[in-house]
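For reference, the structure discussed in these notes is given below.
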Amino acid sequence: MQKIAFTTSIPVEILLAANKVPVDLNNIFIADQQAAAMVEKAEEAGYPRNTCGWIKGLYSVALESQPEAVIAVMQGDCSNTQALMETLQLKGIKTIPFAFPFERDREGVQLQIKKLMHYFAVDIEQVHSIKQSLEEVRNLLRQIDTMTWQDNLVSGGENHYYLVSSSDFNSDPLQFKKDLYDFIAGAKKRQPFKDEVRLAYIGVPPIFTDLYAVTESMGARIVFNEVQRQFSMPYVTADIYQQYLMYTYPYGAFARLEDIEEQIRLRRVDGVIHYTQTFCYRQIEDMIFREKIDLPFLTLEGEGPGKLDGRSRMRMEAFINMLKNIK
Amino acid sequence: MIGIDLGSRHIKIVQMQKGNVIKKALYDTIQFYRRYGIARQQRLDIDWEEIGFPPDQLTATGYGKITVKIEGAVHIPEIQAHTAGAVFQSGLYNFTLLDIGGQDTKIIKVRGGRVADFLTNDRCAASSGRYMENMADVLGISLTELSLHSEDPVNLSSTCAIFGETEIISKIVEGKSISQLAAGVNYTLYRRFAPQLKHLASDKLVLSGGGAFNTALMKIIAQQTGFDTIRVDDYQFNGAIGCCVYGGN
(Lines give C-alpha, C1' and ligand atoms only; values in the text may rest on other atoms or scores of the structure.)
Protein backbone atom coordinates (compact mmCIF):
# COMPACT_ATOMS: atom_id res chain seq x y z
CA MET A 1 0.00 0.00 0.00
CA GLN A 2 1.20 3.48 -0.80
CA LYS A 3 1.90 6.03 1.89
CA ILE A 4 0.11 9.35 1.78
CA ALA A 5 1.64 11.90 4.12
CA PHE A 6 0.02 15.03 5.49
CA THR A 7 1.08 18.19 7.29
CA THR A 8 -1.69 18.22 9.92
CA SER A 9 -4.90 16.28 10.58
CA ILE A 10 -7.02 15.87 7.45
CA PRO A 11 -10.05 13.65 6.78
CA VAL A 12 -8.00 10.51 7.15
CA GLU A 13 -11.09 8.39 6.41
CA ILE A 14 -10.64 9.25 2.73
CA LEU A 15 -7.12 7.85 2.66
CA LEU A 16 -8.19 4.67 4.41
CA ALA A 17 -11.13 4.30 2.00
CA ALA A 18 -8.63 4.57 -0.85
CA ASN A 19 -6.56 1.84 0.74
CA LYS A 20 -3.63 4.16 1.42
CA VAL A 21 -1.37 4.25 4.48
CA PRO A 22 -1.85 7.55 6.33
CA VAL A 23 1.33 9.17 7.63
CA ASP A 24 1.22 12.28 9.80
CA LEU A 25 4.61 13.86 9.13
CA ASN A 26 4.54 15.57 12.53
CA ASN A 27 4.40 12.27 14.39
CA ILE A 28 7.22 10.76 12.36
CA PHE A 29 9.37 13.84 12.89
CA ILE A 30 8.98 14.18 16.65
CA ALA A 31 9.33 10.44 17.32
CA ASP A 32 12.59 10.31 15.37
CA GLN A 33 15.74 10.03 17.50
CA GLN A 34 17.41 12.32 14.97
CA ALA A 35 14.67 14.99 15.05
CA ALA A 36 17.17 17.78 15.74
CA ALA A 37 19.26 16.66 12.77
CA MET A 38 16.12 16.85 10.59
CA VAL A 39 15.82 20.53 11.45
CA GLU A 40 19.47 21.09 10.62
CA LYS A 41 19.06 19.30 7.30
CA ALA A 42 16.28 21.68 6.29
CA GLU A 43 18.45 24.62 7.32
CA GLU A 44 21.28 23.28 5.22
CA ALA A 45 18.86 23.11 2.31
CA GLY A 46 18.11 26.79 2.79
CA TYR A 47 15.27 27.06 5.31
CA PRO A 48 15.87 30.20 7.38
CA ARG A 49 16.89 29.82 10.98
CA ASN A 50 14.03 32.02 12.04
CA THR A 51 11.30 29.67 10.84
CA CYS A 52 9.31 27.13 12.79
CA GLY A 53 11.14 23.95 13.80
CA TRP A 54 8.14 21.81 12.90
CA ILE A 55 8.05 23.07 9.31
CA LYS A 56 11.74 22.32 8.92
CA GLY A 57 11.30 18.88 10.43
CA LEU A 58 8.34 18.15 8.18
CA TYR A 59 10.34 19.14 5.13
CA SER A 60 13.16 16.73 5.92
CA VAL A 61 10.82 13.91 6.94
CA ALA A 62 8.80 14.28 3.73
CA LEU A 63 11.95 14.05 1.65
CA GLU A 64 13.23 11.08 3.60
CA SER A 65 10.02 9.04 3.72
CA GLN A 66 9.24 9.55 0.01
CA PRO A 67 5.47 9.19 0.18
CA GLU A 68 3.30 8.88 -2.91
CA ALA A 69 2.06 12.39 -2.16
CA VAL A 70 1.85 14.94 0.64
CA ILE A 71 -1.46 16.54 1.52
CA ALA A 72 -0.61 20.11 2.49
CA VAL A 73 -3.16 21.93 4.63
CA MET A 74 -3.09 25.43 3.20
CA GLN A 75 -5.74 27.03 5.39
CA GLY A 76 -6.44 26.38 9.04
CA ASP A 77 -3.03 25.24 10.18
CA CYS A 78 0.37 26.79 9.65
CA SER A 79 0.99 29.94 7.67
CA ASN A 80 4.26 28.47 6.34
CA THR A 81 2.66 25.46 4.70
CA GLN A 82 2.50 27.09 1.27
CA ALA A 83 6.26 27.50 1.14
CA LEU A 84 6.71 24.00 2.54
CA MET A 85 4.54 22.65 -0.26
CA GLU A 86 6.45 24.63 -2.87
CA THR A 87 9.86 23.54 -1.65
CA LEU A 88 8.70 19.92 -1.62
CA GLN A 89 7.46 20.36 -5.19
CA LEU A 90 10.89 21.68 -6.04
CA LYS A 91 12.28 18.34 -4.91
CA GLY A 92 9.82 16.41 -7.02
CA ILE A 93 7.35 15.47 -4.28
CA LYS A 94 3.74 15.44 -5.33
CA THR A 95 1.59 17.68 -3.17
CA ILE A 96 -2.16 17.89 -2.79
CA PRO A 97 -3.61 21.08 -1.32
CA PHE A 98 -6.39 20.88 1.25
CA ALA A 99 -8.02 23.78 3.10
CA PHE A 100 -10.33 24.09 6.07
CA PRO A 101 -12.62 26.98 5.10
CA PHE A 102 -12.07 30.16 7.06
CA GLU A 103 -15.83 30.67 7.39
CA ARG A 104 -16.28 27.25 9.02
CA ASP A 105 -19.35 26.58 6.86
CA ARG A 106 -20.69 23.18 5.94
CA GLU A 107 -20.69 24.03 2.24
CA GLY A 108 -17.00 24.90 2.31
CA VAL A 109 -16.06 21.76 4.25
CA GLN A 110 -18.14 19.67 1.92
CA LEU A 111 -16.41 21.13 -1.12
CA GLN A 112 -12.94 20.41 0.23
CA ILE A 113 -13.78 16.90 1.34
CA LYS A 114 -15.40 16.14 -2.00
CA LYS A 115 -12.32 17.40 -3.84
CA LEU A 116 -10.14 15.10 -1.77
CA MET A 117 -12.51 12.17 -2.32
CA HIS A 118 -12.42 12.86 -6.03
CA TYR A 119 -8.63 12.91 -6.01
CA PHE A 120 -8.50 9.51 -4.35
CA ALA A 121 -11.42 8.19 -6.41
CA VAL A 122 -13.57 7.18 -3.45
CA ASP A 123 -17.25 7.89 -2.85
CA ILE A 124 -19.09 9.05 0.24
CA GLU A 125 -20.41 5.56 1.05
CA GLN A 126 -16.87 4.18 1.21
CA VAL A 127 -15.79 7.09 3.39
CA HIS A 128 -18.74 6.67 5.72
CA SER A 129 -18.10 3.00 6.00
CA ILE A 130 -14.55 3.79 7.19
CA LYS A 131 -15.88 6.46 9.52
CA GLN A 132 -18.20 3.86 11.00
CA SER A 133 -15.43 1.32 11.42
CA LEU A 134 -13.20 3.90 13.13
CA GLU A 135 -15.87 4.71 15.68
CA GLU A 136 -14.63 1.92 17.95
CA VAL A 137 -11.11 3.40 17.96
CA ARG A 138 -12.44 6.90 18.55
CA ASN A 139 -14.53 5.62 21.45
CA LEU A 140 -11.46 4.07 23.02
CA LEU A 141 -9.69 7.42 22.68
CA ARG A 142 -12.61 9.16 24.38
CA GLN A 143 -12.35 6.57 27.13
CA ILE A 144 -8.63 7.29 27.61
CA ASP A 145 -9.42 10.98 27.82
CA THR A 146 -12.10 10.40 30.46
CA MET A 147 -9.75 8.11 32.35
CA THR A 148 -7.31 11.03 32.39
CA TRP A 149 -9.42 13.79 33.86
CA GLN A 150 -12.26 11.94 35.56
CA ASP A 151 -10.79 8.70 36.83
CA ASN A 152 -7.23 10.07 37.18
CA LEU A 153 -5.73 6.83 35.95
CA VAL A 154 -3.90 8.12 32.89
CA SER A 155 -0.92 10.47 32.87
CA GLY A 156 -0.81 13.66 30.82
CA GLY A 157 1.94 12.21 28.66
CA GLU A 158 -0.02 9.04 27.90
CA ASN A 159 -3.09 11.07 27.08
CA HIS A 160 -0.98 13.20 24.76
CA TYR A 161 0.58 10.20 23.05
CA TYR A 162 -2.60 8.32 22.26
CA LEU A 163 -4.63 11.35 21.23
CA VAL A 164 -1.89 12.86 19.07
CA SER A 165 -1.30 9.51 17.41
CA SER A 166 -4.91 9.36 16.31
CA SER A 167 -4.26 11.72 13.41
CA ASP A 168 -2.84 8.73 11.47
CA PHE A 169 -3.50 5.88 13.94
CA ASN A 170 0.24 5.20 13.84
CA SER A 171 -0.35 4.29 10.17
CA ASP A 172 -2.14 1.08 11.20
CA PRO A 173 -5.65 1.48 12.66
CA LEU A 174 -6.03 -2.20 13.54
CA GLN A 175 -2.79 -2.39 15.50
CA PHE A 176 -3.57 0.97 17.07
CA LYS A 177 -6.93 -0.34 18.27
CA LYS A 178 -5.21 -3.32 19.88
CA ASP A 179 -2.71 -1.01 21.56
CA LEU A 180 -5.55 1.09 22.93
CA TYR A 181 -7.33 -1.94 24.38
CA ASP A 182 -4.10 -3.16 26.00
CA PHE A 183 -3.33 0.25 27.41
CA ILE A 184 -6.82 0.75 28.83
CA ALA A 185 -6.81 -2.69 30.44
CA GLY A 186 -3.47 -1.93 32.11
CA ALA A 187 -4.44 1.58 33.20
CA LYS A 188 -7.65 0.33 34.84
CA LYS A 189 -5.58 -1.66 37.31
CA ARG A 190 -3.69 1.38 38.54
CA GLN A 191 -4.13 3.47 41.64
CA PRO A 192 -5.49 6.94 40.76
CA PHE A 193 -3.08 9.87 40.62
CA LYS A 194 -3.22 12.18 43.60
CA ASP A 195 -2.45 15.46 41.91
CA GLU A 196 -1.49 18.56 43.77
CA VAL A 197 -2.12 20.65 40.70
CA ARG A 198 -4.24 19.97 37.59
CA LEU A 199 -3.26 21.69 34.38
CA ALA A 200 -4.70 22.30 30.94
CA TYR A 201 -2.37 22.30 27.96
CA ILE A 202 -3.58 24.35 25.04
CA GLY A 203 -1.94 24.96 21.68
CA VAL A 204 -0.13 22.75 19.22
CA PRO A 205 1.61 19.66 20.58
CA PRO A 206 4.95 20.49 22.21
CA ILE A 207 8.26 20.14 20.41
CA PHE A 208 9.73 19.43 23.85
CA THR A 209 10.08 15.72 24.45
CA ASP A 210 9.94 15.72 28.24
CA LEU A 211 7.28 18.31 29.03
CA TYR A 212 4.80 15.85 30.55
CA ALA A 213 7.40 13.97 32.57
CA VAL A 214 8.82 17.22 33.94
CA THR A 215 5.34 18.51 34.80
CA GLU A 216 4.58 15.34 36.74
CA SER A 217 7.94 15.40 38.51
CA MET A 218 6.93 18.85 39.80
CA GLY A 219 3.69 17.55 41.31
CA ALA A 220 1.29 18.62 38.57
CA ARG A 221 -0.57 16.67 35.88
CA ILE A 222 -1.94 17.79 32.55
CA VAL A 223 -5.55 16.61 32.41
CA PHE A 224 -6.52 18.35 29.19
CA ASN A 225 -4.56 18.28 25.95
CA GLU A 226 -6.60 20.61 23.80
CA VAL A 227 -5.39 20.14 20.23
CA GLN A 228 -4.42 16.49 20.67
CA ARG A 229 -7.99 15.83 21.82
CA GLN A 230 -9.31 17.61 18.75
CA PHE A 231 -7.14 15.38 16.56
CA SER A 232 -8.97 12.39 18.04
CA MET A 233 -12.32 13.79 16.84
CA PRO A 234 -14.02 13.80 20.24
CA TYR A 235 -17.55 14.48 19.02
CA VAL A 236 -20.02 11.84 17.88
CA THR A 237 -21.17 13.07 14.49
CA ALA A 238 -23.73 12.07 11.87
CA ASP A 239 -21.47 12.37 8.84
CA ILE A 240 -17.93 13.16 7.76
CA TYR A 241 -18.75 16.79 6.95
CA GLN A 242 -20.13 17.44 10.40
CA GLN A 243 -17.11 15.72 11.93
CA TYR A 244 -14.67 18.10 10.28
CA LEU A 245 -16.92 21.06 10.89
CA MET A 246 -17.09 20.45 14.63
CA TYR A 247 -13.35 19.86 14.79
CA THR A 248 -12.18 23.19 16.25
CA TYR A 249 -8.43 23.34 15.58
CA PRO A 250 -8.40 24.77 12.02
CA TYR A 251 -11.03 27.42 12.61
CA GLY A 252 -9.10 30.01 14.60
CA ALA A 253 -8.66 31.09 18.20
CA PHE A 254 -12.33 31.81 18.93
CA ALA A 255 -13.55 28.44 17.69
CA ARG A 256 -10.96 26.81 19.90
CA LEU A 257 -11.74 29.05 22.85
CA GLU A 258 -15.29 27.80 23.11
CA ASP A 259 -14.07 24.22 23.50
CA ILE A 260 -11.22 25.22 25.84
CA GLU A 261 -13.51 27.16 28.19
CA GLU A 262 -15.97 24.29 28.40
CA GLN A 263 -13.30 21.69 29.04
CA ILE A 264 -11.31 23.60 31.65
CA ARG A 265 -14.51 24.10 33.64
CA LEU A 266 -15.46 20.46 33.34
CA ARG A 267 -11.99 19.16 34.20
CA ARG A 268 -11.45 21.46 37.19
CA VAL A 269 -8.02 22.68 36.20
CA ASP A 270 -5.97 25.04 38.36
CA GLY A 271 -3.94 26.65 35.59
CA VAL A 272 -3.38 26.75 31.86
CA ILE A 273 -0.20 26.24 29.86
CA HIS A 274 -0.35 27.75 26.40
CA TYR A 275 2.35 26.31 24.20
CA THR A 276 3.43 28.22 21.13
CA GLN A 277 6.16 27.56 18.66
CA THR A 278 8.91 30.15 18.21
CA PHE A 279 8.29 32.25 15.07
CA CYS A 280 4.64 31.10 14.85
CA TYR A 281 1.71 33.44 14.25
CA ARG A 282 -0.03 31.69 17.14
CA GLN A 283 2.20 33.67 19.48
CA ILE A 284 0.02 36.65 18.55
CA GLU A 285 -3.12 34.67 19.40
CA ASP A 286 -1.69 34.24 22.89
CA MET A 287 -3.21 37.68 23.58
CA ILE A 288 -6.69 36.31 23.00
CA PHE A 289 -6.32 33.28 25.25
CA ARG A 290 -4.63 35.32 27.97
CA GLU A 291 -7.45 37.81 28.01
CA LYS A 292 -10.33 35.38 27.74
CA ILE A 293 -9.23 32.57 30.02
CA ASP A 294 -9.75 33.48 33.62
CA LEU A 295 -7.19 31.16 35.17
CA PRO A 296 -3.48 31.45 35.98
CA PHE A 297 -1.78 31.27 32.62
CA LEU A 298 1.72 30.36 31.51
CA THR A 299 2.89 30.78 27.94
CA LEU A 300 5.64 28.36 27.01
CA GLU A 301 7.67 28.71 23.89
CA GLY A 302 9.63 25.98 22.17
CA GLU A 303 11.92 26.09 19.19
CA GLY A 304 13.77 22.88 18.41
CA PRO A 305 13.10 19.25 19.34
CA GLY A 306 14.64 18.11 22.60
CA LYS A 307 14.30 18.50 26.32
CA LEU A 308 12.88 21.55 28.05
CA ASP A 309 15.51 24.26 28.28
CA GLY A 310 16.57 25.54 31.71
CA ARG A 311 14.60 28.74 31.37
CA SER A 312 11.32 27.05 30.46
CA ARG A 313 11.86 24.60 33.28
CA MET A 314 12.40 27.44 35.72
CA ARG A 315 9.18 29.10 34.54
CA MET A 316 7.22 25.84 34.80
CA GLU A 317 8.53 25.26 38.28
CA ALA A 318 7.63 28.76 39.40
CA PHE A 319 4.17 28.46 37.84
CA ILE A 320 3.36 25.12 39.45
CA ASN A 321 4.73 26.33 42.75
CA MET A 322 2.56 29.43 42.51
CA LEU A 323 -0.52 27.28 41.88
CA LYS A 324 0.29 25.09 44.87
CA ASN A 325 0.46 28.19 47.03
CA ILE A 326 -2.82 29.56 45.71
CA LYS A 327 -4.67 26.31 46.47
CA MET B 1 20.66 29.82 57.64
CA ILE B 2 22.69 30.16 54.44
CA GLY B 3 21.10 31.22 51.14
CA ILE B 4 22.83 30.67 47.80
CA ASP B 5 21.77 32.31 44.56
CA LEU B 6 23.48 30.55 41.67
CA GLY B 7 23.32 33.28 39.05
CA SER B 8 24.54 33.14 35.48
CA ARG B 9 27.14 35.85 36.15
CA HIS B 10 27.64 35.78 39.89
CA ILE B 11 27.08 33.51 42.81
CA LYS B 12 25.71 35.23 45.86
CA ILE B 13 25.90 33.73 49.32
CA VAL B 14 24.24 35.20 52.38
CA GLN B 15 24.16 33.99 55.96
CA MET B 16 21.34 35.19 58.18
CA GLN B 17 20.64 34.86 61.85
CA LYS B 18 17.47 36.01 63.58
CA GLY B 19 16.41 38.07 60.58
CA ASN B 20 19.73 39.80 60.09
CA VAL B 21 22.34 39.34 57.40
CA ILE B 22 25.54 38.48 59.27
CA LYS B 23 27.78 37.60 56.35
CA LYS B 24 27.64 37.82 52.58
CA ALA B 25 29.91 37.11 49.63
CA LEU B 26 29.84 37.51 45.87
CA TYR B 27 31.77 35.34 43.41
CA ASP B 28 32.20 35.18 39.67
CA THR B 29 30.17 32.10 38.63
CA ILE B 30 32.84 30.35 36.59
CA GLN B 31 35.60 31.09 39.10
CA PHE B 32 33.41 29.87 41.93
CA TYR B 33 32.69 26.49 40.38
CA ARG B 34 36.35 26.07 39.46
CA ARG B 35 37.70 27.00 42.84
CA TYR B 36 35.24 25.77 45.41
CA GLY B 37 33.20 23.05 43.77
CA ILE B 38 33.85 19.37 43.90
CA ALA B 39 31.47 17.37 41.70
CA ARG B 40 30.21 14.18 43.31
CA GLN B 41 27.66 12.14 41.36
CA GLN B 42 26.23 15.16 39.60
CA ARG B 43 25.94 17.10 42.83
CA LEU B 44 28.26 19.88 43.73
CA ASP B 45 29.96 19.65 47.06
CA ILE B 46 31.00 23.13 48.11
CA ASP B 47 34.11 23.48 50.18
CA TRP B 48 32.48 25.65 52.88
CA GLU B 49 35.58 25.80 54.99
CA GLU B 50 37.57 27.22 52.09
CA ILE B 51 34.84 29.81 51.42
CA GLY B 52 34.76 30.80 55.04
CA PHE B 53 31.12 30.12 55.82
CA PRO B 54 30.49 27.94 58.86
CA PRO B 55 28.22 24.90 58.39
CA ASP B 56 24.57 25.89 58.46
CA GLN B 57 21.22 24.98 56.95
CA LEU B 58 21.41 25.56 53.15
CA THR B 59 18.79 26.83 50.70
CA ALA B 60 19.71 27.41 47.05
CA THR B 61 18.15 28.87 43.94
CA GLY B 62 19.23 30.22 40.59
CA TYR B 63 19.94 29.59 36.97
CA GLY B 64 22.40 26.87 37.70
CA LYS B 65 19.77 24.95 39.62
CA ILE B 66 18.99 22.57 36.77
CA THR B 67 22.46 21.24 36.28
CA VAL B 68 24.03 22.06 39.61
CA LYS B 69 22.60 20.64 42.78
CA ILE B 70 24.40 21.81 45.85
CA GLU B 71 25.06 18.97 48.25
CA GLY B 72 22.99 19.31 51.42
CA ALA B 73 20.87 22.21 50.11
CA VAL B 74 17.13 22.54 49.67
CA HIS B 75 16.55 23.96 46.17
CA ILE B 76 13.73 26.42 45.62
CA PRO B 77 12.37 28.09 42.44
CA GLU B 78 13.92 31.45 41.57
CA ILE B 79 10.67 33.36 41.29
CA GLN B 80 9.78 32.37 44.84
CA ALA B 81 13.26 33.19 46.15
CA HIS B 82 13.26 36.68 44.66
CA THR B 83 9.76 37.32 45.90
CA ALA B 84 10.59 36.20 49.44
CA GLY B 85 13.68 38.41 49.40
CA ALA B 86 11.81 41.45 48.14
CA VAL B 87 8.96 41.04 50.64
CA PHE B 88 11.49 40.73 53.44
CA GLN B 89 13.63 43.65 52.34
CA SER B 90 10.89 46.09 51.35
CA GLY B 91 8.38 45.22 54.04
CA LEU B 92 5.71 45.42 51.31
CA TYR B 93 3.14 42.74 50.52
CA ASN B 94 1.50 44.07 47.39
CA PHE B 95 3.78 45.24 44.62
CA THR B 96 5.32 44.37 41.29
CA LEU B 97 8.86 43.08 41.45
CA LEU B 98 11.23 43.70 38.60
CA ASP B 99 14.27 41.51 38.96
CA ILE B 100 17.01 42.24 36.45
CA GLY B 101 19.47 39.40 36.46
CA GLY B 102 22.54 38.56 34.44
CA GLN B 103 20.69 36.77 31.67
CA ASP B 104 17.03 37.33 32.29
CA THR B 105 14.51 39.74 33.64
CA LYS B 106 11.58 38.64 35.72
CA ILE B 107 8.43 40.61 36.42
CA ILE B 108 6.47 39.26 39.33
CA LYS B 109 3.12 40.43 40.62
CA VAL B 110 3.13 39.98 44.38
CA ARG B 111 -0.10 39.98 46.35
CA GLY B 112 -0.28 39.30 50.06
CA GLY B 113 3.44 38.54 50.01
CA ARG B 114 3.01 35.71 47.49
CA VAL B 115 3.53 35.26 43.77
CA ALA B 116 0.23 36.02 42.04
CA ASP B 117 1.56 36.05 38.47
CA PHE B 118 4.85 36.42 36.67
CA LEU B 119 6.38 37.00 33.27
CA THR B 120 9.94 36.69 32.09
CA ASN B 121 11.75 38.29 29.18
CA ASP B 122 11.77 36.33 25.97
CA ARG B 123 14.50 33.97 25.06
CA CYS B 124 17.45 36.25 24.42
CA ALA B 125 19.62 38.16 26.85
CA ALA B 126 18.52 41.64 25.79
CA SER B 127 17.21 43.62 28.73
CA SER B 128 19.43 41.85 31.18
CA GLY B 129 22.62 42.61 33.05
CA ARG B 130 24.59 40.96 30.28
CA TYR B 131 23.24 43.47 27.76
CA MET B 132 24.31 46.34 30.05
CA GLU B 133 27.78 44.87 30.38
CA ASN B 134 28.15 44.39 26.63
CA MET B 135 26.99 47.88 25.84
CA ALA B 136 29.20 49.46 28.50
CA ASP B 137 32.10 47.54 27.01
CA VAL B 138 31.35 48.78 23.52
CA LEU B 139 31.11 52.34 24.80
CA GLY B 140 34.34 51.90 26.74
CA ILE B 141 32.72 53.02 29.99
CA SER B 142 32.09 51.38 33.33
CA LEU B 143 28.69 50.10 34.44
CA THR B 144 28.68 52.91 36.99
CA GLU B 145 29.04 55.48 34.21
CA LEU B 146 26.38 53.74 32.09
CA SER B 147 23.99 53.92 35.02
CA LEU B 148 24.15 57.70 35.25
CA HIS B 149 22.53 58.73 31.98
CA SER B 150 18.88 59.02 31.12
CA GLU B 151 18.64 62.38 29.34
CA ASP B 152 18.44 62.97 25.58
CA PRO B 153 18.77 59.30 24.57
CA VAL B 154 19.70 58.21 21.05
CA ASN B 155 17.13 55.93 19.52
CA LEU B 156 18.44 52.37 19.32
CA SER B 157 16.12 50.12 17.35
CA SER B 158 17.83 46.84 18.05
CA THR B 159 17.37 45.27 21.44
CA CYS B 160 19.62 42.39 20.56
CA ALA B 161 22.70 42.26 22.77
CA ILE B 162 24.83 41.49 19.74
CA PHE B 163 23.29 43.62 16.97
CA GLY B 164 23.02 46.45 19.46
CA GLU B 165 26.79 46.73 19.32
CA THR B 166 26.76 47.43 15.59
CA GLU B 167 24.11 50.07 16.03
CA ILE B 168 26.02 51.75 18.84
CA ILE B 169 29.12 51.89 16.66
CA SER B 170 27.19 53.63 13.89
CA LYS B 171 25.85 56.16 16.41
CA ILE B 172 29.37 56.82 17.66
CA VAL B 173 30.37 57.52 14.07
CA GLU B 174 27.45 59.95 13.83
CA GLY B 175 29.07 61.87 16.66
CA LYS B 176 26.59 61.17 19.46
CA SER B 177 27.91 61.78 22.94
CA ILE B 178 28.59 59.04 25.47
CA SER B 179 25.82 60.33 27.71
CA GLN B 180 23.29 60.22 24.85
CA LEU B 181 24.42 56.73 23.90
CA ALA B 182 24.32 55.48 27.48
CA ALA B 183 20.85 56.98 27.90
CA GLY B 184 19.84 55.22 24.65
CA VAL B 185 21.02 51.88 26.05
CA ASN B 186 19.05 52.47 29.24
CA TYR B 187 15.90 53.37 27.30
CA THR B 188 16.29 50.24 25.20
CA LEU B 189 16.42 48.20 28.37
CA TYR B 190 13.24 49.82 29.59
CA ARG B 191 11.36 49.39 26.31
CA ARG B 192 12.14 45.72 26.29
CA PHE B 193 10.24 44.92 29.48
CA ALA B 194 7.76 47.84 29.44
CA PRO B 195 4.85 45.79 27.99
CA GLN B 196 5.28 43.15 30.69
CA LEU B 197 5.47 45.79 33.42
CA LYS B 198 2.22 47.25 32.17
CA HIS B 199 0.63 43.83 32.13
CA LEU B 200 1.48 43.06 35.76
CA ALA B 201 1.21 46.59 37.11
CA SER B 202 0.93 47.61 40.76
CA ASP B 203 1.11 51.02 42.40
CA LYS B 204 4.47 50.07 43.85
CA LEU B 205 7.32 48.80 41.78
CA VAL B 206 10.27 47.18 43.51
CA LEU B 207 13.58 46.59 41.72
CA SER B 208 16.01 43.83 42.59
CA GLY B 209 18.84 41.88 40.99
CA GLY B 210 22.22 43.16 39.85
CA GLY B 211 20.53 45.30 37.19
CA ALA B 212 18.84 47.40 39.88
CA PHE B 213 22.26 48.99 40.24
CA ASN B 214 21.35 51.07 37.16
CA THR B 215 20.01 54.29 38.69
CA ALA B 216 19.29 55.85 35.30
CA LEU B 217 17.14 52.87 34.36
CA MET B 218 15.25 53.21 37.63
CA LYS B 219 14.66 56.87 36.89
CA ILE B 220 13.39 56.06 33.39
CA ILE B 221 11.03 53.40 34.72
CA ALA B 222 9.60 55.77 37.33
CA GLN B 223 9.16 58.56 34.78
CA GLN B 224 7.62 56.40 32.08
CA THR B 225 5.30 54.29 34.21
CA GLY B 226 4.39 56.76 36.92
CA PHE B 227 4.72 53.94 39.46
CA ASP B 228 6.20 54.55 42.86
CA THR B 229 9.55 52.88 42.14
CA ILE B 230 12.02 51.75 44.75
CA ARG B 231 14.86 49.27 44.90
CA VAL B 232 15.61 46.96 47.76
CA ASP B 233 18.74 47.85 49.72
CA ASP B 234 20.65 44.69 49.02
CA TYR B 235 19.42 44.27 45.46
CA GLN B 236 22.17 42.00 44.22
CA PHE B 237 21.77 39.65 47.20
CA ASN B 238 17.98 39.68 47.09
CA GLY B 239 17.68 36.11 45.77
CA ALA B 240 20.10 34.75 48.36
CA ILE B 241 18.30 36.63 51.14
CA GLY B 242 15.04 35.21 49.80
CA CYS B 243 16.52 31.72 50.09
CA CYS B 244 17.27 32.32 53.77
CA VAL B 245 13.77 33.71 54.37
CA TYR B 246 12.06 30.94 52.41
CA GLY B 247 14.23 28.28 53.99
CA GLY B 248 13.61 29.71 57.45
CA ASN B 249 9.87 29.43 56.97
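The values are calculated or read from the model by the stated rules, or taken from the named source; none is laboratory data. Here the structure is a predicted model, which is why all the values come from computation and not from measurement. We place every Cβ from the backbone using ideal geometry, glycine too, and count neighbours over all the protein chains shown.
For a quick check of your reading: which strands (runs of 3 or more DSSP E) sit entirely within the stretch B:1-99 and have at least 1 residues that are modelled with pLDDT of 90 or more and within 16 Å of the chain's Cα centre (by Cα)? Even if it seems obvious, please write down each step before you answer.
Details: elements: B:2-6, B:10-17, B:20-28, B:37-40, B:43-46, B:58-62, B:73-75.
Counting at least 1 such residues, we get B:2-6, B:10-17, B:20-28, B:58-62.
Residue by residue, here is whether (1) of a type outside the set (Val, Ile, Thr); (2) within 13 Å of chain B (Cβ to nearest Cβ); (3) buried (at least 20 other Cβ atoms within 10 Å of the Cβ) holds:
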site	(1), (2), (3)
A:Tyr201	yes, no, yes
A:Tyr212	yes, no, yes
A:Pro234	yes, no, no
A:Ala238	yes, no, no
A:Thr278	no, yes, no
A:Tyr281	yes, no, no
A:Glu291	yes, yes, no
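Report, by residue number, each residue of the stretch A:296-327 that is away from chain B (no Cβ under 11 Å) and more than 14 Å from A:Asp210 (Cα to Cα).
Residue satisfying the conditions is A:Lys327 alone.
For the stretch B:183-190, does any single residue satisfy the condition of being crowded, with 18+ Cβ neighbours inside 10 Å and either within 12 Å of chain A (Cβ to nearest Cβ) or closer than 27 Å to A:Met322 by Cβ (or both)?
Checked against the condition, which is being crowded, with 18+ Cβ neighbours inside 10 Å and either within 12 Å of chain A (Cβ to nearest Cβ) or closer than 27 Å to A:Met322 by Cβ (or both), the stretch B:183-190 yields at least one hit.
Within the stretch B:74-82, identify whether any single residue is among the small types (Gly, Ala, Ser), in contact (Cβ under 8 Å) with a residue 60 or more places away in the chain and either surrounded by fewer than 21 Cβ atoms within 10 Å (Cβ to Cβ) or under 18 Å from A:Met314 (Cα atoms) (or both), and answer yes or no. Lay out the reasoning, then the answer.
Looking only at the stretch B:74-82, we keep the residues that are among the small types (Gly, Ala, Ser), and these are B:81.
Checking which are in contact (Cβ under 8 Å) with a residue 60 or more places away in the chain leaves us with B:81.
Pick out the ones that are also either surrounded by fewer than 21 Cβ atoms within 10 Å (Cβ to Cβ) or under 18 Å from A:Met314 (Cα atoms) (or both) and you get B:81.
So far as the stretch B:74-82 goes, yes, one or more of its residues are among the small types (Gly, Ala, Ser), in contact (Cβ under 8 Å) with a residue 60 or more places away in the chain and either surrounded by fewer than 21 Cβ atoms within 10 Å (Cβ to Cβ) or under 18 Å from A:Met314 (Cα atoms) (or both).
Name the residues in the stretch A:24-51 that are in contact with a strand residue (DSSP E or B) (Cβ under 7 Å, 6 or more places away or on another chain) and surrounded by 24 or more Cβ atoms within 10 Å (Cβ to Cβ), would you?
A:Asp24, A:Leu25
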